[in-house]
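Below is one structure, written out as structure tokens, with a few remarks after it.
The values are calculated or read from the model by the stated rules, or taken from the named source; none is laboratory data. This is a predicted model, so every value here is computed, not measured. Here the Cβ positions follow ideal geometry from the backbone for every residue, glycine too, while neighbour counts run over all protein chains shown.
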């Protein structure tokens, strides 16, 4: 068969015809030949199978990589979840410890107050100024022995009145002094408890939309809600700003 094909091909090429016509005749002869068709089909199938085999191997490699990445992601998500919980617990512990430290600091100041608005004079004695204020305007009997120490706060600035911080000897005298501070209304003199960072919390509470009024007692912040706030009546202790919405 192969010999006959070669003979046929030789006859065709020996005939003086044009190139295009010759190519057409050769292709026609080849496509009509059963052996050539089978050979061509086998070659094509082998080429396709080799290509499919390579694609299959590449797909398996990619799937293995994807599987490995998925495992790594799952491990990473677990680690993130663990670390997130750890950080949340740590934050909670820090806040609790911070609250405890603040409470201790505030407790140590329970016999201290700050007085604003008393005019400064040269060679003044803050203790005498406070005793005079207590006697003439508060109606409270305060003696020099009632006061541990008293002094102005901060450096002197022209035309600016510095506050006086006073530490009493007893909590009783301190409470009596603070209790009568309402009598100073309109005088320009204000008495406030000596607060830690509760001072910022007090201001934030007073400015909150739900709060009617807020004040301090022994360093603790108390607040009353507005009537339309939908909250319980009576004073509520505020330890942080979140307590207001709770």
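Observations on the structure shown:
- Against the conditions (1) without any contact (Cβ under 8 Å) to a residue 40 or more places away in the chain; (2) over 30 Å from residue 238 (Cα atoms); (3) more than 41 Å from the chain's Cα centre (by Cα), residue 156 satisfies every one except (3).
- Test result for residue 99, under 26 Å from residue 241 (Cβ atoms) and at pLDDT 90 or above: no
- Every listed requirement among (1) modelled with pLDDT of 95 or more; (2) farther than 17 Å from residue 177 by Cα is met by residue 128 save one, (2).
- Some residue of region 40-63 being in contact with a helix residue (DSSP H, G or I) (Cβ under 6 Å, 6 or more places away or on another chain), modelled with pLDDT under 80 and surrounded by 10 or more Cβ atoms within 10 Å (Cβ to Cβ): no
- Counting residues in region 129-138 that are surrounded by 14 or more Cβ atoms within 10 Å (Cβ to Cβ), part of a loop (DSSP other than H, G, I, E, B) and outside the structural domain of residue 245 (by TED's automatic domain parsing) gives zero.
- Among the residues here, residue 223 qualifies as surrounded by 15 or more Cβ atoms within 10 Å (Cβ to Cβ), within 28 Å of the chain's Cα centre (by Cα) and part of a strand (DSSP E or B).
- Hits in region 198-214 - residues which are part of a strand (DSSP E or B) and under 15 Å from residue 239 (Cβ atoms): 211, 214
- Any hit, region 202-211, residues being surrounded by fewer than 16 Cβ atoms within 10 Å (Cβ to Cβ), modelled with pLDDT under 90 and farther than 18 Å from residue 114 by Cα: no
- Within region 93-116, tally of residues that are surrounded by fewer than 16 Cβ atoms within 10 Å (Cβ to Cβ) and in contact with a strand residue (DSSP E or B) (Cβ under 6 Å, 6 or more places away or on another chain): 1
A quick yes/no check of all residues on (1) under 22 Å from residue 107 (Cα atoms); (2) touching a residue at least 60 places away in the same chain (Cβ under 8 Å); (3) surrounded by fewer than 13 Cβ atoms within 10 Å (Cβ to Cβ):
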{"site": "143", "(1), (2), (3)": "no, no, yes"}
{"site": "147", "(1), (2), (3)": "yes, no, no"}
{"site": "170", "(1), (2), (3)": "yes, no, yes"}
{"site": "176", "(1), (2), (3)": "yes, no, no"}
{"site": "195", "(1), (2), (3)": "yes, yes, no"}
{"site": "216", "(1), (2), (3)": "yes, no, no"}
{"site": "231", "(1), (2), (3)": "no, no, no"}
{"site": "234", "(1), (2), (3)": "no, no, yes"}
